[in-house]
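Here's the structure we're looking at; comments come further down.
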Amino acid sequence: MGAPVEIYGCRFKEGIDGYKQSQKFAAGWNEWANENEVFEGYVAQMMWPEFSDGQYATDFTWLGYWANYEDAGKDMDIRARNGAPMYAESDTFLEQCAHSEWGAWDVFSAGDWTKEHHVTEFADCFYLEGKGDADLLSANIAYASELESHGVTAADFGSVQLWPRAGAPTGIADVASFKWVRGYPNLSAYTGFTHKLWNEGLGSAWNTLYGEVVSCDSSRVYHSEVIRSP
């Protein structure tokens, strides 16, 4: 079953201390959400790059998600009616903002550490010729079993695949079918997973299951600063 995800990507205005203003905005947004009794089942995180090629499409990334579409719709309606103060505040330090919606397929469920600061890894993937959803879902099921056989648990790993619904970057269909997201409670868990990939056969297992189904680019890794959670 899919779950709703939204992503804001913006540039900082010239001369702005972007990180400082982001912290101020997050605190004010939380106060606004509490006053309006909204986003109570929502997880929101601001994402700061750790590993990337340095070619940033945005300076400010906000990723938020809900457990179901009913809650998402209710929160979006209240934001549309009562969110003017927050939009005005964001305009003081952000510009060139994109707002996209995605649907998340669960590949390997994570623990509650996703509601606290953690590490998130993104890769863009596309189907190889003749392959599609059925092939991916079959590989996902086998991969979840492979992860468990290598000792991977919800305590140190989680993964979803994001599918564009609205507002995705122009031309995304030419470069990616979906985004593959992996999460870790900290960088130690990230490097531990990498060890399993390179030195314990998990990478070879991935290639066997997915190598003829999808191709993915070099991933980006972020510090996910969770600023709201249920």
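The figures follow:
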| read-out | value |
| --- | --- |
| Compactness of the stretch 1-97, expressed as Rg and Dmax over alpha-carbon positions, Å | 14.2, 44 |
| ³J(HN,Hα) computed for each position of the stretch 72-87 - Karplus, 6.51 cos²θ - 1.76 cosθ + 1.60, integer Hz, glycine/proline x | 4, x, 5, 5, 5, 5, 5, 4, 5, 7, 10, x, 3, x, 6, 5 |
| Structure-based [θ]222 nm, the chain - -39500 (n - 2.57) summed over DSSP H runs of at least 4, per residue, nearest 500 | -11000 deg cm²/dmol |
| Charge dipole magnitude, Cβ of K and R +1, D and E -1 - the stretch 19-140, Cα centre, debye nearest 20 | 240 |
| Exposure proxy order (Cβ contacts within 10 Å, fewest to most) of Trp198, Trp206 | Trp198, Trp206 |
| Sequence of Ser159, Ser100, Ser218 once ranked by neighbouring C-beta atoms within 10 Å, starting from the fewest | Ser218, Ser100, Ser159 |
| Residues whose placed amide H lies under 5 Å from that of Glu50, excluding near-sequence neighbours | Val221, Tyr222, His223 |
| Relative exposure of Ser90, Ser149, judged by other C-beta atoms within 10 Å (fewest first) | Ser149, Ser90 |
| Segment Lys115-Thr92, extension gain: residue separation times 0.36 nm, minus the distance between their alpha carbons | 5.5 nm |
| All-pairs alpha carbon distance profile, the chain, 5 Å steps from 0, percent | 1, 6, 13, 19, 19, 17, 13, 6, 5, 2, 0 |
| Span per principal axis, largest first, for the Cα atoms of the stretch 48-131 (Å) | 45, 35, 33 |
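Read the figures in this text as sums done on the coordinates, not as results from a lab. Model, not experiment: these values are computed from the prediction. Every residue, glycine among them, receives a Cβ derived from its backbone with ideal geometry; neighbour counts consider all protein chains shown.
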